[in-house]
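Written out below as structure tokens is the structure these notes cover.
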Amino acid sequence: MNTEKKSQQVFIGIAFIWSYVLWGLGIYLSAKGGFVLLESADLLKAILGNTLSRELWLITIVNTLAGYGPLIAALIV
């Protein structure tokens with residue numbers, strides 16, 4: 001297997017694993033705590049209004065970090 005193809009496979013693997021694990025953790029935490037995952041406009045309104053609870057902050061940070069899977073994979077590869 002050539003190096004370029006192996007790099008692509010490693011990139012895709014890291015990106016998907018990072019993203020899906022953190023998204024799964026965010027969904028699990030929100031379901032366990034009985035929280036509803038906020039969408040973009042509601043999330044922005046809650047952040048600006050300083051109305052997010054500590055649990056929702058954690059879930060928001062986990063879901064935000066999940067979106068950076070491709071960036072993390074690119075930095076590693």
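The values are calculated or read from the model by the stated rules, or taken from the named source; none is laboratory data. None of these values were measured; they are calculated from a predicted model. Cβ placement follows ideal geometry from the backbone for every residue including glycine, while neighbour counts extend to all protein chains displayed. To get the accessible areas, we keep the full protein, side chains included, count just its heavy atoms, and leave off ligands, DNA and RNA. Shrake-Rupley method; radii C 1.70, N 1.55, O 1.52, S 1.80 Å.
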Describe numerically, in nm with one decimal, the distance between label points set 7 Å from Cα along Cα→Cβ at residue 36 and at residue 72. 2.9 nm
With all protein chains present, the chain has a carbon and sulfur share of its accessible area (1.4 Å probe) in percent of 67 percent
I'd like to check one number: the per residue accessible area of the chain, probe 1.4 Å, reported in Å² as a whole number. 75 Å²
Computed over the Cα atoms of the chain, what is the ratio Rg over Rh, Rh following Kirkwood? 1.14
For segment 34-51, take each phi angle, set θ = phi - 60°, evaluate the Karplus expression 6.51 cos²θ - 1.76 cosθ + 1.60, and give the result in whole Hz per residue in order, putting x for glycine and proline. x, 9, 9, 5, 7, 8, 3, 5, 5, 5, 4, 5, 5, 5, 5, x, 6, 10
So, by mean Cβ neighbours within 10 angstrom, what's the order for 48-59, 13-24 with the highest one leading? 13-24, 48-59
